[in-house]
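Asker: Encoded as structure tokens, here's the structure I'll be asking about.
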Amino acid sequence: MKTYLARLPQDFMSLIDAAGALASARNETAYLVGGFVRDLILGGRNFDLDIVVEGDGIAFSHEYARRLQGRVTSHHRFGTATVYLAHHLKVDIATARKETYPQPAHLPVVQPGSLRDDLFRRDFTVNAMALQISGSESGRLIDFFGGRKDLEDGILRVLHPVSFIDDPTRILRGIRFEQRFGFIFERHTLGLLRSALRQSMLERVEPQRLRDEVILLLKEDSPRKAIRRVAALAGLSFISPKLRPDPDMMRTLAQIERRIPWFQAHASCARPIEKWLVYFMGLVGGLSVPDIHAVCRRFVFRKADEKRIVSCVEVCNKAVAALAKKDLRRSEAFHILDPLSYEVIILMLSRTDRKLVLGRIMEFLKFTSGTKISVSGHDLGACGLKPGPHYQRILKTVLSAKLDGRAPDKSSELRLARQLAREEMNRKGQQHASSRTRQTGD
Ligand code: CTP
């Protein structure tokens, strides 16, 4: 395993070496565990350092943070801590522990245990290996349950028969790994998974935990395949009783998968988008608005996300219809699309095949999105126009003129802004005069 460690970037190795040295100084033994070890063997990259200490993980993490000038948050109940370091690096540290599940699908009760206990409480053999990083046996791979062989064979195997009952989120985790690595469930494991589903175990998990798993699934590179697999094995009713994997939904998800890379490659103002949110909107987009609200409330989504998810359904169809109008000016398309989030726009791209609409959205994303004008309220004030809501109207008219090619440069923008300001002042003057006339009764 030393050779695997040698592949790691130097700053990472120094974090591991520091943990190893600290464990030795404290007469404890430290191990890298979980997905980090799995990905190290697979040759992939995983920057989530996960360390288990046979000893006192919390005291270890405080000393570790002190040595590396980091910050700690700890959960005494679970014997876990996270150390936050410079450059957004973080290290999870835990006391080796044993878990018991007093109630299926609920959080476990934790007590200190051996490394073997700690590995045995885990989801799949491939995630239950440890790599010692302290002492004379540093670099030794500890593999009690045949994880390395399963990794080589591409097999997901649980460690004990009640794994999915104790923690049904492992059903979704398993599907996520199956799709991500192209692995298959070992036959007995698949039987246990199906049996847990027959007992409606997913429905018994706290909804926030399910939400987090669904989001992780949607953050994978190809969530469509994972959703298809979840739908085939578990159905989608654990998200909403009304949710069915119908062809429309599957088509939308396939389109999203095509549109996101297009967006990332071509959109001129592309900021990072929340991919999972687009897929989630694609998933629930066929439900009625009250049903979508119900899903969001049950999953305790952030208010802002709930608003975005619901508005997408309301806005998406309306905006598509508005963009389908013949003879739409470029500025009109801009004003339809500009207030929408990129996530909603990608969803629109995915839910229509109308060439005209697609062309207009693509033009917006490639060329006009983010267009700014050079004139500002300051220029309107300089003409003598008093501030008010008309400022926004005038600036929007100038922006439209720019988009439609009628104000191609700064001086023509300024000319138009001044003309509009004068017209506004004249209108105001007339209004003023007519209201005076009304008051005096002339
Ligand atoms: N784990 C588990 N059961 C769960 C969640 C996690 O047994 N429901 C264990 C697994 O051993 C896992 C480790 O905790 O490897 C760390 O969990 P996490 O960071 O969520 O998973 P990773 O395996 O690192 O997966 P990913 O690559 O998606 O981050």
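The values are calculated or read from the model by the stated rules, or taken from the named source; none is laboratory data. Keep in mind that what you see is a predicted model, and the values were worked out from it rather than measured. Every residue, glycine as well, gets a Cβ built from its backbone with ideal geometry; the counts of neighbours run over all protein chains shown. Areas reflect the complete protein model, heavy atoms only, side chains present, ligands, DNA and RNA absent. Shrake-Rupley method; radii C 1.70, N 1.55, O 1.52, S 1.80 Å.
Asker: Here's a check for you: in the range 86-108, which residue that is in a strand (DSSP E or B) and more than 22 Å from residue 169 (Cβ to Cβ) is most open to solvent (accessible area, probe 1.4 Å)? Step through it out loud before you land on a result.
Answerer: We begin by selecting, within the range 86-108, every residue in a strand (DSSP E or B); these are 90-95, 97-100.
Going one step further and asking which of them are more than 22 Å from residue 169 (Cβ to Cβ), we end up with 91, 93, 95.
Working: 91: 0, 93: 2, 95: 22 Å².
Looking at residues that are in a strand (DSSP E or B) and more than 22 Å from residue 169 (Cβ to Cβ), I get 95.
Asker: When only residues in the range 196-216 that are more than 12 Å from the ligand (Cβ to nearest atom) and among the basic types (Lys, Arg) count, which is farthest from residue 240 (Cα to Cα)? Give the derivation first.
Answerer: Step one: filter the range 196-216 for residues more than 12 Å from the ligand (Cβ to nearest atom), giving 196-204, 206-208, 211, 214.
Applying the additional criterion that residues be among the basic types (Lys, Arg) yields 198, 204, 211.
Values: 198: 17, 204: 14, 211: 12 Å.
Looking at residues that are more than 12 Å from the ligand (Cβ to nearest atom) and among the basic types (Lys, Arg), I get 198.
Asker: If I go through the range 187-215 residue by residue, how many of them are more than 16 Å from residue 236 (Cβ to Cβ) and open to solvent by 40 Å² or more (accessible area, probe 1.4 Å)?
Answerer: The number of residues fulfilling the criteria is 10.
Asker: Let me confirm something: among 78, 47, 12, 36, which residue is within 16 Å of the ligand (Cβ to nearest atom), touching a Phe, Trp or Tyr at 6+ places or on another chain (Cβ under 9 Å) and in a loop (DSSP other than H, G, I, E, B)? Walk me through it before giving the result.
Answerer: Details: 78 fails: touching a Phe, Trp or Tyr at 6+ places or on another chain (Cβ under 9 Å); 12 fails: in a loop (DSSP other than H, G, I, E, B); 36 fails: in a loop (DSSP other than H, G, I, E, B).
Going through 78, 47, 12, 36 in turn, the sole match is 47.
Asker: For the range 23-48, enumerate the residues that are closer than 13 Å to residue 132 by Cα and of a type outside the set (S, T, N, Q). Spell out the reasoning first.
Answerer: Going residue by residue through the range 23-48, those that are closer than 13 Å to residue 132 by Cα are 23-24, 28-34, 36-37.
Residues satisfying the conditions are 23, 28, 30, 31, 32, 33, 34, 36, 37.
Asker: With the requirement that a residue be aliphatic (A, V, I, L, M) and more than 10 Å from the ligand (Cβ to nearest atom), what does the range 156-170 give you?
Answerer: First, the residues of the range 156-170 that are aliphatic (A, V, I, L, M): 156, 158-159, 162, 165.
Correct list: 156, 162, 165.
Asker: List, please: which pairs have Cβ atoms under 7 Å, are six or more places apart or on different chains, and start with a residue in the range 86-108 that is of a type in the set (Gly, Ala, Ser) and end with one that is more than 14 Å from the ligand (Cβ to nearest atom) and assigned to a strand (DSSP E or B)?
Answerer: 96/53; 96/54; 96/112
Asker: Now a separate question. Scan the range 127-153 for residues that are of a type in the set (Asp, Glu), farther than 16 Å from residue 40 by Cβ and in a loop (DSSP other than H, G, I, E, B) and report the count.
Answerer: Total satisfying the criteria: 1.
Asker: Considering each residue of the range 216-227, count those that are surrounded by fewer than 18 Cβ atoms within 10 Å (Cβ to Cβ) and either without any contact (Cβ under 8 Å) to a residue 40 or more places away in the chain or under 12 Å from residue 172 (Cα atoms) (or both), and give that number.
Answerer: So the answer is 1.
Asker: Looking at the range 229-261, which of its residues are in a helix (DSSP H, G or I) and either of a type in the set (D, E, K, R) or open to solvent by 50 Å² or more (accessible area, probe 1.4 Å) (or both)? Quick ask: steps written out before the conclusion?
Answerer: Start the filter on the range 229-261 by keeping residues that are in a helix (DSSP H, G or I), which leaves 229-234, 247-261.
Across the range 229-261, the qualifying residues are 229, 232, 247, 248, 251, 257, 258, 259, 261.
Asker: Okay, moving on. Pick out, from the range 362-442, the helices (runs of 4 or more DSSP H) lying fully within it that include 1 or more residues that are among the basic types (Lys, Arg), modelled with pLDDT under 90 and surrounded by fewer than 11 Cβ atoms within 10 Å (Cβ to Cβ).
Answerer: On the way: elements: 377-382, 389-403, 410-440.
The qualifying helices (runs of 4 or more DSSP H) are 410-440.
Table: residues versus (1) touching a residue at least 40 places away in the same chain (Cβ under 8 Å); (2) under 30 Å from residue 15 (Cβ atoms).
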{"position": "130", "(1), (2)": "yes, yes"}
{"position": "141", "(1), (2)": "yes, yes"}
{"position": "144", "(1), (2)": "no, yes"}
{"position": "166", "(1), (2)": "yes, no"}
{"position": "171", "(1), (2)": "yes, no"}
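Asker: As an exercise: evaluate residue 123 against (1) under 27 Å from the mean Cα position of the chain (by Cα); (2) open to solvent by 20 Å² or more (accessible area, probe 1.4 Å); (3) acidic (Asp, Glu) and give the number of the one condition it does not meet.
Answerer: (2)
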